[in-house]
Amino acid sequence: MSRTVIRGGLVITAAEEVRADVLIEGEQVVALATTGSAVADGWTADTVIDATGHYVIPGGVDAHTHMQMPFGGTTAADTFETGTRAAAWGGTTTIVDFAIQSVGSSLREGLDAWHAKAEGNCAVDYGFHMILSDVTENSLKEMDALVGEGVTSFKMFMAYPGVFYSDDGRILRAMQRGAANGGLIMMHAENGIAIDVLVEQALAAGRTDPRYHGEVRRELLEAEATHRAIKLAQVAGAPLYVVHVSAASAVAELATARRQGLPVFGETCPQYLFLSTDNLAEPDFEGAKYVCSTPLRPREHQAELWKGLRTGDLQVVSTDHCPFCFSGQKELGRGDFSKIPNGLPGVENRMDLLHQAVLDGHITRRRWIDIACATPARMFGLHPRKGTIAPGADADIVVYDPTAPQTISATTHHMNVDYSAYEGKQVTGRARTVLSRGSVVVDAGAWLGRAGHGRYQPRATCQYLG
Ligand code: DUC
Ligand code: ZN
Ligand code: ZN
């Protein structure tokens, strides 16, 4: 079995920061020992990685991606191969993607289709959530089977009537089932019935530019849906995870519920922390690059999101990586913002943007690792394999250079999309060496990984409760 030692770095986990060497055998971490100690110096290895002056952090866990997802008459531009490769470049070594149940089909059909897309193609490890679009007696029964085979979370939509939308009764039934079988309901919390009325009225009045996407998807309708989802979960006796929280008032709903002791959790995404409606208003249809749902909000919301991440009212930062090229895909919505496919690229940028947030004073180093690695792993049943550096954990490790300057750009990124949402943004910090289950996949600007190295990860039920 191969032995690797990572020497001389500052090991940062959600729990602590220590100067330690890390010993890896095969695919797993087997020991940590203080740098310079007799124990560490006594280790022999086939490969020694010098991490002097660097951080040694767990590989990122991005719990919300959509590789090659069909949406709005087109398909997200990253395949499982290109998207997981880009993830690795950015220091993310596990993704949890969303398999989709189409209306009229079974969960099994959807899950099988997503396994077929991913299998043999991923550069890093992956798991699946299931999008539940058709709550029937049969799909409720199927939820139990999926939990048993490691698909332990189910996304539901209060938005997109006629596509993914579930009404309150269906949501309640799925939550009740989740309360019984351990499946965690993930909610897209926007009142889609009301939004569709506002979309129709905006278009009829000739308001067709991308910025109206942000205006019709009103903050109040995110807060209202978040509140309703919380109450439905309370009635069902189920925990709740709200995805892509963008509005300050939605954070307030989560905070109020949490003060009441309810097991409700919230995720936000880098686009809500770093971008705003100013981007949606960019001229010449450039605003389309920033169309996603929930939408970007006015800049003032960012402070509340950062505060939520510090106080713990928000627990996770995922990307909702769902890239559509500007050319030919976003352009489908010229003259009608409602036809712009919803989604932004970001799987490659998350770890660096959040490191920049450390430098900017929004969060601490350990909180960076907590919200980007440790908590998503626990929330979605991947602990202790993922999200930390400890004996027995998978050797998914990033040797991170906290001083490397970087200008984010589509000309240098590895995502299969023709623009960057952060074009020209300067950040400090970058993954230098990335290991996935003990194999070096990125080193000093060189790609050493391969499609098919990434393995499907069946997940336990939520480990963040209680
Ligand atoms: N919600 C998501 O989580 N991803 C893409 C589109 C959407 O509405
Ligand atoms: Zn969503
Ligand atoms: Zn999503």
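The values are calculated or read from the model by the stated rules, or taken from the named source; none is laboratory data. Please read these numbers as outputs of a predicted model, since none were measured by experiment. Backbone-built Cβ (ideal geometry, glycine too); neighbour counts: all protein chains shown. Note: areas computed on protein heavy atoms with side chains; ligands, DNA, RNA excluded. Shrake-Rupley method; radii C 1.70, N 1.55, O 1.52, S 1.80 Å.
Within segment 337-346, can one find any residue that is crowded, with 21+ Cβ neighbours inside 10 Å, in contact (Cβ under 8 Å) with a residue 60 or more places away in the chain and more than 16 Å from ligand 1 (Cβ to nearest atom)?
Scanning segment 337-346, I find no residue that is crowded, with 21+ Cβ neighbours inside 10 Å, in contact (Cβ under 8 Å) with a residue 60 or more places away in the chain and more than 16 Å from ligand 1 (Cβ to nearest atom), so the answer is no.
Any idea which residue in segment 92-117 is nearest to Ala174 (Cα to Cα), counting only those that are within 16 Å of ligand 3 (Cβ to nearest atom) and open to solvent by less than 10 Å² (accessible area, probe 1.4 Å)?
Among them, the one singled out is Gln101.
Select from segment 173-200 the residues that are out of contact with any helix residue (DSSP H, G or I) (no Cβ under 8 Å at 6 or more places or on another chain) and farther than 30 Å from Tyr464 by Cβ and write down the one among them that is surrounded by the most Cβ atoms within 10 Å (Cβ to Cβ).
Asp196
Restricting to segment 240-274, and then to whatever is farther than 11 Å from Gln315 by Cα and of a type in the set (Phe, Trp, Tyr), can you tell me which residue is nearest to ligand 3 (Cβ to nearest atom)?
Residue satisfying both the conditions and the ranking: Tyr272.
So which residues in segment 420-438 are among the hydroxyl-bearing types (Ser, Thr, Tyr) and either surrounded by 17 or more Cβ atoms within 10 Å (Cβ to Cβ) or at pLDDT below 95 (or both), if there are any at all?
Correct list: Ser420, Tyr422, Thr433, Ser436.
Let me confirm something: among Gly72, Gly83, Gly59, which residue is in contact with a strand residue (DSSP E or B) (Cβ under 7 Å, 6 or more places away or on another chain) and within 20 Å of Gly328 (Cβ to Cβ)?
Gly83
What single numbered condition from (1) more than 28 Å from Gly182 (Cβ to Cβ); (2) under 15 Å from the mean Cα position of the chain (by Cα); (3) not in a helix (DSSP H, G or I) fails to hold for Ile363?
For Ile363, the exception is condition (2).
Considering only helices (runs of 4 or more DSSP H) fully contained in segment 137-239, which possess at least 3 residues that are among the acidic types (Asp, Glu)?
Answer list for segment 137-239: 137-148, 219-236.
I'd like to check which strands (runs of 3 or more DSSP E) are fully inside segment 17-92 and have at least 1 residues that are within 29 Å of Lys339 (Cβ to Cβ), under 27 Å from the mean Cα position of the chain (by Cα) and at pLDDT 95 or above.
It comes to 60-65.
Scan segment 275-294 residue by residue and report those that are basic (Lys, Arg) and within 14 Å of ligand 1 (Cβ to nearest atom).
None - no residue of segment 275-294 is basic (Lys, Arg) and within 14 Å of ligand 1 (Cβ to nearest atom), so the list stays empty.
May I ask you to list pairs of residues, at least six apart or on different chains, whose Cβ atoms are under 7 Å apart, with the first in segment 58-78 being within 18 Å of Asn416 (Cα to Cα) and the second being open to solvent by 10 Å² or more (accessible area, probe 1.4 Å) and acidic (Asp, Glu)?
Listed pairs, sorted by first residue: His64/Asp320.
Take Thr84 and tell me if it is under 20 Å from Val316 (Cα atoms), touching a Cys at 6+ places or on another chain (Cβ under 8 Å) and either away from ligand 3 (no atom under 16 Å from the Cβ) or touching a residue at least 12 places away in the same chain (Cβ under 8 Å) (or both).
Yes; evaluated as a whole, the condition is true for this residue.
Of all residues being small (Gly, Ala, Ser) and open to solvent by less than 50 Å² (accessible area, probe 1.4 Å) in segment 158-172, which is farthest from Thr294 (Cα to Cα)? Just the residue, please.
Once the filter is applied, the top-ranked residue is Gly169.
Considering every residue within segment 250-257, establish whether at least one is buried (at least 24 other Cβ atoms within 10 Å of the Cβ), within 26 Å of Gly178 (Cβ to Cβ) and under 17 Å from the mean Cα position of the chain (by Cα).
no
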